[in-house]
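Enquirer: Before we start, here is the structure in question, set down as structure tokens.
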Number of protein chains: 2
Amino acid sequence: MTGLAGIIAGDTAISTVGKESAGLTYRGYNITYLVDHANFESVAYLLLYNKLPAPEELNLYQKKLMSLRRLPEKLLILLKAIPQTANPMDVLRTGVSMLGILEPETPESIDKLVAILPVILLTWYQGQEVTNAQITTADYFLYGLNELRVKPSDPLFSKALDASLILYAEHEFNASTFAARITASTLSDVYSCITTAIGTLRGPLHGGANEEAMKLIQQFDEPDQVEAGIKRMLSEKKLIMGFGHRVYINGDPRSPIVKDLARQLSEKVGKQKLFAIAEIIENTMWTEKKIYPNLDFYSALVYHCIGIPTSFFTPLFVVSRITGWLAHVIEQRSNNKLIRPLANYIGPEPRQI
Amino acid sequence: MTGLAGIIAGDTAISTVGKESAGLTYRGYNITYLVDHANFESVAYLLLYNKLPAPEELNLYQKKLMSLRRLPEKLLILLKAIPQTANPMDVLRTGVSMLGILEPETPESIDKLVAILPVILLTWYQGQEVTNAQITTADYFLYGLNELRVKPSDPLFSKALDASLILYAEHEFNASTFAARITASTLSDVYSCITTAIGTLRGPLHGGANEEAMKLIQQFDEPDQVEAGIKRMLSEKKLIMGFGHRVYINGDPRSPIVKDLARQLSEKVGKQKLFAIAEIIENTMWTEKKIYPNLDFYSALVYHCIGIPTSFFTPLFVVSRITGWLAHVIEQRSNNKLIRPLANYIGPEPRQI
């Protein structure tokens, strides 16, 4: 099983991952620049329409997304029928699949999918349709999460969640994106492509890593237990989630950005001890294994400080990555060839009973 | 876009496709041998449990599959709520995704998925749960299809459908199977893997081809129109579905088997003219382009003669291929490595606004 490591499976003009001296760019824009100068909706527009929107274009696009936050009646009924014990990724996968039945693909489906994912998630979570007039996806999510709960929203929360959505939006031929491109390559519909991507992101070796990173951090009560604990896990060959990346050799360029946000948030909400624990994990992984944290590690802490339940970390990845997936579906369709590799046969020789 | 053509993406012990002098084998058994000596359930057992079952094992396995033809209450409600105008592939994709919520994966999920797909499809189609005591999948399907409709079943119908299910069961790293393996490679659950596969098979360049082949055959009213019609389509660069295959150079070994069944069935039901039309299409494609028919071409005619609606052709592919998909998920998990290729970047150089 090579896992296609190091194999170039096709062309893309959407992002660079680990390209020398470019770091991570979306359509040529460095992610640090985008976090400083754009928001999630303008990045969605950039990925899907291939330019950063002017202020008036962004305004119109945000209004459009707001207007698309509507669930068909039968999807609302379905979401209410799904038990609260369900895996939220299964809820998203099923919700998107059902939406594909109720609203078969049209050109509008692209923007609809960007708008609707947080609505599906929060409506199931709250047991009622979550409609509100928040302009940004980040604010809609924070509002919808807390509507029937406590915790007031905070500008730093909005900013951190928005930045995290930018950073998770796109990452070249990662497993979920590449799987979605295979689905697109048979000329299937966009809902099938996104259903594929959600189911693929769901695994702990992919999107599930941020949830696992949070569980890792929460294992420790005190910073002084961490170094020995991590060393023990390493000696027991346990997988430490949130570290390393197949493509980035010299560290994940997204990590310092979320780390800084995690530091600010942990101070704001009085969780400095958790931040200290995370930092010792990072340092121990470096001294022991020379492995850097990836985006998932400090993102977990960011979400936790904002008050997001751990089971929503991977679904938030979906809320963001939907934009990259859709950009790749569009790109695959624009110059399509069926993706169909070969296998090396290692089974039995021809036989009869 | 290379489509990974000619690239070996991993090992498999499940089937050979186009391996010199082996043709198509499932775990070493040639498909012609299996059509003559096995039925669909024994082939499912072979693929999933790595041996052809002895008669008593087959008997027990068929009883087990029969006992698993039960829908959870909430899935039944969902299926009844899905409009009859839906694409049946969307129904299967959504049904499997919902089943993954209601019955999260256990070791039994493998056999459950083999048993439940025709139940999902027919229950939606009939608007009520289709329960019956037919032993084989082919008979269950024929019974469920006709229960509220007309058309009595016929031994030749059962035999032909069963043979078709054997022939569609497994085909190495085709697009849907490879996509399912990517989903499996993140360690996601089996329902996500199968949801991926269904959405990928749905496209007209993959599973949808048998439906397109039927539409092609039905375009012609009389055999004497066919040759000129096909030549015209070729000169207009129209895609002729049901012909050619990326992997088989010297013809699809499954095609002669279904062609023979199509001939027998067309005589039985008095559709000799359609068979004659199909044969002229085949001959014209050969003289004009030197391209052979693939499995989809005569399978379309087999299904049509049995009285199966064209929109069920690709879903029947799912009912069969679920066995191959599951075998590949099990194989991927047994020696897993995340499937994550690279892309060749062809986008803009680093820029700022």
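The values are calculated or read from the model by the stated rules, or taken from the named source; none is laboratory data. Here the structure is a predicted model, which means the values were calculated and not measured. Reconstructed Cβ throughout: ideal geometry from the backbone, glycine too, with neighbour counts over all protein chains shown.
Enquirer: Out of A:Ile82, A:Ile31, which single residue is touching a residue at least 12 places away in the same chain (Cβ under 8 Å) and either acidic (Asp, Glu) or in contact with a Leu (Cβ under 6 Å, 6 or more places away or on another chain) (or both)?
Expert: Details: A:Ile82 fails: either acidic (Asp, Glu) or in contact with a Leu (Cβ under 6 Å, 6 or more places away or on another chain) (or both).
Sole residue among the options that is touching a residue at least 12 places away in the same chain (Cβ under 8 Å) and either acidic (Asp, Glu) or in contact with a Leu (Cβ under 6 Å, 6 or more places away or on another chain) (or both): A:Ile31.
Enquirer: Give the number of residues within segment A:316-349 that are within 14 Å of chain B (Cβ to nearest Cβ) and either in a loop (DSSP other than H, G, I, E, B) or in contact (Cβ under 8 Å) with a residue 60 or more places away in the chain (or both).
Expert: Taking segment A:316-349 as the starting set, the residues that turn out to be within 14 Å of chain B (Cβ to nearest Cβ) are A:317-318, A:321, A:324-325, A:327-349.
Next cut, either in a loop (DSSP other than H, G, I, E, B) or in contact (Cβ under 8 Å) with a residue 60 or more places away in the chain (or both) only: A:317-318, A:321, A:324-325, A:327-333, A:335-341, A:346-349.
Residues meeting the conditions: 23.
Enquirer: Okay, moving on. If I filter segment B:68-84 down to residues being of a type outside the set (D, E, K, R) and at the interface with chain A (Cβ under 9 Å from one of its Cβ atoms), which single residue comes out as surrounded by the fewest Cβ atoms within 10 Å (Cβ to Cβ)? Even if it seems obvious, please write down each step before you answer.
Expert: Start the filter on segment B:68-84 by keeping residues that are of a type outside the set (D, E, K, R), which leaves B:68, B:71-72, B:75-79, B:81-84.
Cutting the leftovers down to at the interface with chain A (Cβ under 9 Å from one of its Cβ atoms) gives us B:77-78, B:81-83.
On the way: B:Ile77: 14, B:Leu78: 26, B:Ala81: 16, B:Ile82: 21, B:Pro83: 10.
Restricting to residues being of a type outside the set (D, E, K, R) and at the interface with chain A (Cβ under 9 Å from one of its Cβ atoms), the top hit is B:Pro83.
Enquirer: Okay, moving on. Hey, can you tell me all the residues within segment A:21-60 that are under 30 Å from A:Lys337 (Cβ atoms), assigned to a helix (DSSP H, G or I) and either within 7 Å of another protein chain (Cβ to nearest Cβ) or over 19 Å from the mean Cα position of the chain (by Cα) (or both)?
Expert: Across segment A:21-60, the qualifying residue is only A:Tyr49.
Enquirer: Considering (1) surrounded by fewer than 17 Cβ atoms within 10 Å (Cβ to Cβ); (2) in contact with an Asp or Glu (Cβ under 6 Å, 6 or more places away or on another chain); (3) not charged (D, E, K, R), say which one A:Pro293 fails and leave the rest.
Expert: (1)
Enquirer: Quick one: which of B:Lys112, B:Lys159 is of a type in the set (D, E, K, R), under 22 Å from B:Gly199 (Cβ atoms) and in a helix (DSSP H, G or I)? Show your work before the answer.
Expert: On the way: B:Lys159 fails: under 22 Å from B:Gly199 (Cβ atoms).
Going through B:Lys112, B:Lys159 in turn, just one is of a type in the set (D, E, K, R), under 22 Å from B:Gly199 (Cβ atoms) and in a helix (DSSP H, G or I): B:Lys112.
Enquirer: A follow-up question, please. Would you confirm, using the coordinates I've provided, whether A:Leu187 is of a type outside the set (Gly, Ala, Ser) and in contact with a Pro (Cβ under 8 Å, 6 or more places away or on another chain)? Break it down stepwise before answering.
Expert: On the way: of a type outside the set (Gly, Ala, Ser): yes; in contact with a Pro (Cβ under 8 Å, 6 or more places away or on another chain): yes.
Judged against the criteria, A:Leu187 is a match.
Enquirer: Would you please name the residue that is nearest to A:Ala300 (Cα to Cα), looking only at residues in segment A:218-252 that are crowded, with 20+ Cβ neighbours inside 10 Å and in contact with a Leu (Cβ under 8 Å, 6 or more places away or on another chain)?
Expert: The selected residue is A:Gly242.
Enquirer: Do you know which residues across segment A:206-229 are in a helix (DSSP H, G or I) and more than 26 Å from the chain's Cα centre (by Cα)? Working first, answer last.
Expert: Taking segment A:206-229 as the starting set, the residues that turn out to be in a helix (DSSP H, G or I) are A:209-218, A:223-229.
The answer is A:Pro223, A:Asp224, A:Gln225, A:Val226, A:Glu227, A:Ala228, A:Gly229.
Enquirer: Select, from B:Gly3, B:Gly18, the only residue that is surrounded by fewer than 21 Cβ atoms within 10 Å (Cβ to Cβ), part of a loop (DSSP other than H, G, I, E, B) and at positive phi.
Expert: Values: B:Gly18 fails: part of a loop (DSSP other than H, G, I, E, B).
Selected residue: B:Gly3, the only one of B:Gly3, B:Gly18 that is surrounded by fewer than 21 Cβ atoms within 10 Å (Cβ to Cβ), part of a loop (DSSP other than H, G, I, E, B) and at positive phi.
Enquirer: Shifting gears a bit: Within segment A:169-194, can you find the residues that are assigned to a helix (DSSP H, G or I) and under 14 Å from the mean Cα position of the chain (by Cα)?
Expert: So the first thing to find is which residues in segment A:169-194 are assigned to a helix (DSSP H, G or I), and the list is A:175-185, A:190-194.
Correct list: A:Ala175, A:Ser176, A:Thr177, A:Ile194.
Enquirer: Do we have A:Glu279 as of a type outside the set (Val, Ile, Thr), surrounded by fewer than 20 Cβ atoms within 10 Å (Cβ to Cβ) and in a helix (DSSP H, G or I) here? Give the steps one after another, and end with the answer.
Expert: Details: of a type outside the set (Val, Ile, Thr): yes; surrounded by fewer than 20 Cβ atoms within 10 Å (Cβ to Cβ): yes; in a helix (DSSP H, G or I): yes.
Taking the combined requirement at face value, the residue satisfies it.
Enquirer: From the list A:Val130, A:Val119, pick out the single residue that is outside any helix (DSSP H, G or I), more than 14 Å from chain B (Cβ to nearest Cβ) and without any contact (Cβ under 8 Å) to a residue 60 or more places away in the chain.
Expert: Values: A:Val119 fails: outside any helix (DSSP H, G or I).
It is A:Val130.
Enquirer: Follow-up. Tally the residues that are of a type outside the set (A, V, I, L, M, F, W, C), in contact (Cβ under 8 Å) with a residue 24 or more places away in the chain and surrounded by 20 or more Cβ atoms within 10 Å (Cβ to Cβ), restricting the search to segment B:91-108.
Expert: Final tally of qualifying residues: 4.
Enquirer: Looking at A:Asn50, is it more than 22 Å from A:Asn132 (Cα to Cα) and either surrounded by fewer than 21 Cβ atoms within 10 Å (Cβ to Cβ) or in the same structural domain as A:Val247 (by TED's automatic domain parsing) (or both)? Even if it seems obvious, please write down each step before you answer.
Expert: Numbers: more than 22 Å from A:Asn132 (Cα to Cα): yes; either surrounded by fewer than 21 Cβ atoms within 10 Å (Cβ to Cβ) or in the same structural domain as A:Val247 (by TED's automatic domain parsing) (or both): yes.
Here the answer is yes, as A:Asn50 does meet what is asked.
Enquirer: How many of the residues making up segment A:198-214 are more than 7 Å from chain B (Cβ to nearest Cβ) and of a type in the set (Lys, Arg)?
Expert: Residues in segment A:198-214 being more than 7 Å from chain B (Cβ to nearest Cβ) and of a type in the set (Lys, Arg): 0 in total.
Enquirer: Of all residues in segment B:264-304, how many are without any contact (Cβ under 8 Å) to a residue 60 or more places away in the chain and either out of contact with any strand residue (DSSP E or B) (no Cβ under 7 Å at 6 or more places or on another chain) or of a type outside the set (Val, Ile, Thr) (or both)?
Expert: Applying the first criterion (without any contact (Cβ under 8 Å) to a residue 60 or more places away in the chain) to segment B:264-304 yields B:266-267, B:269-276, B:279-280, B:282-293, B:298.
Okay, now just the ones that are also either out of contact with any strand residue (DSSP E or B) (no Cβ under 7 Å at 6 or more places or on another chain) or of a type outside the set (Val, Ile, Thr) (or both), so B:266-267, B:269-276, B:279-280, B:282-290, B:292-293, B:298.
Going through segment B:264-304 one residue at a time, the tally reaches 24.
Enquirer: May I ask you to list the residues in segment A:138-188 that are among the polar types (S, T, N, Q), at pLDDT 90 or above and surrounded by fewer than 24 Cβ atoms within 10 Å (Cβ to Cβ)?
Expert: Residue satisfying the conditions is A:Ser158 alone.
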